[in-house]
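Engineer: Got a structure here, written out as structure tokens. Questions coming.
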Amino acid sequence: MKVTKRSWLGIATLTIAALAATTLAGCSSSSTTGSDLSKSGASTLTLWVDTQRAPALKAVAAQFKKDTGVTVKLVVKDFATVDQDFISQVPTGKGPDMIVSPHDKLGAYVKNGVVAPLELGDKSGEFAKVAIQAVTYEGTVYGLPYSIENVALLRNTALAPSAAKTFDEVIANGKAAMAASPATVKYPFLLGLDPKQGDPYHMYPFQTSFGSSVFAQNADGTYDPSKLTLGDAAGLKFAAAVKQWGAAGILNRTSRATSRSTRSRRASRRTT
């Protein structure tokens, strides 16, 4: 089964420039250092970050201030709405200097003119090629790769001692565990969908295992957004499997309903 990767844009100990607001366009070259920022009068930089990553960045920000004298102010924002807040507030001058954000938001940021290009120079070779591709839009780099994450399949060896070779075996082992311990095992399989956002990110490894994708890929591995592939034969096969899993109780219908309800409320808030 294939896995999907998602790169995050953010701050690193070597370079403060990340996915920078357009107000930092003059500071976003690879030759710009913390001392340069300090000399230019930039004594404080504001970084928007979500609750999960803020603790890890506190130590980085403290070290950066020690090394350069520049304070990095971490502002914790709601991950579900931070991209829209960024797009709306940067033009008013109330946005941050930088934002930690998943790379799939980059296109919207560029189209709305709220981010500036970032020149990594010889530092680009220190990052995974796929990470650089993730922060590149139409040939221009806009962010510093902060991390790459993978979706993983975890097995409780106490409940399922043997590793399965197919998804059908995973479900069979899960059902066997339910039968053996009905008081403690409630589901044969759990998928980590966020009930507040309901995005298909955690479903994507299953989707790609059917040979299905969202957009067509070019020979160099980049995606062609003009060619939607969801409705091809592989996509329909995946959709049929999801329907079958739902009917068999493998997918939690309550979670999906909660996700739809939450998305509806959020859409309502944004349009009023």
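The values are calculated or read from the model by the stated rules, or taken from the named source; none is laboratory data. The model shown is predicted, which means the values in this text are computed figures rather than measured ones. With ideal geometry, Cβ positions are generated from the backbone for all residues, glycine too; neighbour counts draw on all protein chains shown. Note: accessible area is taken over every heavy atom of the protein model, side chains too, but ligands, DNA and RNA are not part of it. Shrake-Rupley method; radii C 1.70, N 1.55, O 1.52, S 1.80 Å.
Engineer: What FRET efficiency comes out for Ala152 versus Ser43 if R0 is 51 angstrom and r is the Cβ-Cβ distance? Round to the nearest 0.05.
Structural biologist: Efficiency, from the Cβ-Cβ distance: 0.80.
Engineer: Could you tell me what percent of the DSSP beta bridges with both partners in segment 37-184 are antiparallel, to the nearest 5?
Structural biologist: Restricted to segment 37-184, the bridges split so that about 20 percent are antiparallel.
Engineer: What nm distance separates the two modelled labels at Lys111 and Ala240, each placed 7 Å from Cα along Cα→Cβ?
Structural biologist: 3.3 nm
Engineer: Using Cα pairs closer than 8 Å and at least 6 residues apart in sequence, work out the relative contact order for segment 114-234, in percent.
Structural biologist: Over segment 114-234, the number comes to 13 percent.
Engineer: Would you mind calculating the relative contact order of segment 76-157 from Cα pairs under 8 angstrom and at least 6 residues apart, reporting the percent as a whole number?
Structural biologist: 24 percent
Engineer: For the pair Val75 and Tyr223, what calculated FRET efficiency results from E = 1/(1 + (r/R0)^6), where r is the Cβ-Cβ distance and R0 = 51 Å, to the nearest 0.05?
Structural biologist: 0.95
Engineer: Of all the C-alpha pairs in segment 122-229, what % are more than 19 Å from each other?
Structural biologist: 63 percent
Engineer: If N is the number of residues in segment 63-190, what value comes out of its Cα radius of gyration divided by 2.2 N^0.38 Å?
Structural biologist: Computed over Cα atoms of segment 63-190, the ratio equals 1.59.
Engineer: Can you give me the accessible area per residue for segment 131-172, using a 1.4 Å probe, in Å²?
Structural biologist: Each residue of segment 131-172 exposes 62 Å² on average to a 1.4 Å probe.
Engineer: Compute the distance from the alpha-carbon center of segment 222-236 to that of segment 125-172, in whole Å.
Structural biologist: Between the Cα centres of segment 222-236 and segment 125-172 lies a distance of 21 Å.
Engineer: How much length is gained on full extension from Leu159 to Thr136, taking 0.36 nm per residue of separation minus their Cα-Cα distance?
Structural biologist: Going from the current span to full extension adds 3.9 nm.
Engineer: Now, a different point. Between Asp232 and Thr92, what FRET efficiency follows from the Cβ-Cβ distance if R0 is 51 Å, with the result rounded to 0.05?
Structural biologist: Working from the Cβ atoms, E equals 0.75.
Engineer: On to the next question. Residues with amide H under 5 Å of Thr46's amide H, sequence separation 5 or more or different chain, H placed in the peptide plane at 1.01 Å from N; which?
Structural biologist: Excluding prolines and chain starts, which carry no amide H, the hits are Lys73, Asp97, Met98.
Engineer: Of the peptides 74-81, 160-167, how do they stack up when ordered by the mean number of other Cβ atoms within 10 Å, highest first?
Structural biologist: My ranking of the peptides, most packed first, is 74-81, 160-167.
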